[in-house]
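Enquirer: My questions all concern the structure below.
The values are calculated or read from the model by the stated rules, or taken from the named source; none is laboratory data. Fair warning: this is a prediction, and the values are worked out from it, not measured in the lab. Every residue, glycine among them, receives a Cβ derived from its backbone with ideal geometry; neighbour counts consider all protein chains shown. All accessible areas refer to the heavy atoms of the entire protein, side chains included, with ligands and DNA or RNA removed. Shrake-Rupley method; radii C 1.70, N 1.55, O 1.52, S 1.80 Å.
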Amino acid sequence: SIISRLQTELGNWKKVKASEDGIQIELDELDDKIEFCRSAIESASVVEKTLVKDMKNNIEKLTKEKFLNIQWKDDEFVDIRMNNDYGVFIKNRTGKEERPGDLSDGEKLCLGLCFMSALHNISGFELPIVMDTPLGVLDTDLRNNLAKSLPQFMGGKQIIMLVTSTEYTDEFRDPLINNLEHEYTIKWSNSEDGKESEVI
């Protein structure tokens, strides 16, 4: 009968409608998830940019403080800045910016130590710092300045220095004496098997 046929059609349309409603609900849920992901990505990007900027600014500030503090030439350099790629620019007292390659060997070494120290201070890692012949090209005044400021300079981090006898003079050692835990000497000798070293 017509009524029976209409009731059947009505039932079928209700099923189709229920099926489409379910699909729409799923689409709405997916849209919500997509929008959440977009929002999370934007927020994470802002946080990352802020952290990267803060980290760069902290490294720049620490490098500047340490470098200007340890310099033996009074007022020779007045500022240090870094670009976003960590390129270093050193402003001298005339206002001109120099690059690390423009500095003397001693100044370059000093700047490198300061930059390394700044990185180490903000890294969060408690690892020792190893310096291999760090004083090689430094003149006496800079060596003495470095010895006086080294304990504070490295922020309480453990430092292992491998130095030659010409570097490790009494003038360098004396200011550090209260902060030295151990001293070792590497003794070289020749044998039938070749050159040998012994830590004393």
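Enquirer: Roughly speaking, what is the stretch gain from THR164 to MET55, that is 0.36 nm per residue apart minus the C-alpha to C-alpha distance, in nm to one decimal?
Expert: Full-extension gain reported as 35.7 nm.
Enquirer: Compute, for region 42-200, the length of the dipole vector about the Cα centre, with Cβ point charges of +1 (Lys, Arg) and -1 (Asp, Glu) only. Units Debye, rounded to 20. Intermediate results must be reported in sequence, preceding the final value.
Expert: On the way: 19 positive and 29 negative charges, 139 e Å.
In debye, rounded to 20, region 42-200 gives about 660.
Enquirer: According to a simple spin-label model (label point 7 Å from Cα along Cα-to-Cβ), what is the distance in nm between TYR184 and ASP105?
Expert: 2.8
Enquirer: Moving to a separate point now. I'd like the accessible area for ASP31, computed on protein heavy atoms only with a 1.4 Å probe and all protein chains in place. Round to 10 Å², please.
Expert: Its heavy atoms expose roughly 90 Å² to the probe.
Enquirer: So, one more: If each of GLU42 and GLU65 carries a label point 7 Å out from its Cα toward its Cβ, how far apart are those two points in nm?
Expert: 3.7
Enquirer: What percent do you get for the relative contact order of region 124-200 when only Cα pairs under 8 Å and 6+ apart count?
Expert: 30
Enquirer: With the cut-off at 11 Å, report for region 95-135 the share of all Cα pairs above it, as a whole percent.
Expert: Distances greater than 11 Å cover 71 percent of the Cα pairs.
Enquirer: Additional query: Do the alpha carbons of any pairs in LYS64/LYS157; LYS66/LYS157; LYS108/LYS187; LYS56/LYS108 sit beyond 24 Å of each other, and which pairs? Before the final figure, lay out the partial values.
Expert: Working: LYS64/LYS157 19 Å; LYS66/LYS157 15 Å; LYS108/LYS187 31 Å; LYS56/LYS108 20 Å.
Too far apart for the 24 Å limit: LYS108/LYS187.
Enquirer: Follow-up. Could you tell me the distance between the Cα centroids of region 77-129 and region 135-193, to the nearest Å?
Expert: About 22 Å separates the Cα centre of region 77-129 from the one of region 135-193.
Enquirer: Please state the Cα pair-distance histogram of region 144-200 with 10 angstrom bins from zero: what percent is in each bin?
Expert: It works out to 19, 46, 21, 12, 3, in whole percents.
Enquirer: May I ask for the equivalent-ellipsoid semi-axes of region 40-183, computed as the square root of five times each C-alpha gyration tensor eigenvalue and listed largest first in whole Å?
Expert: They are 30, 21, 11 Å, listed largest first.
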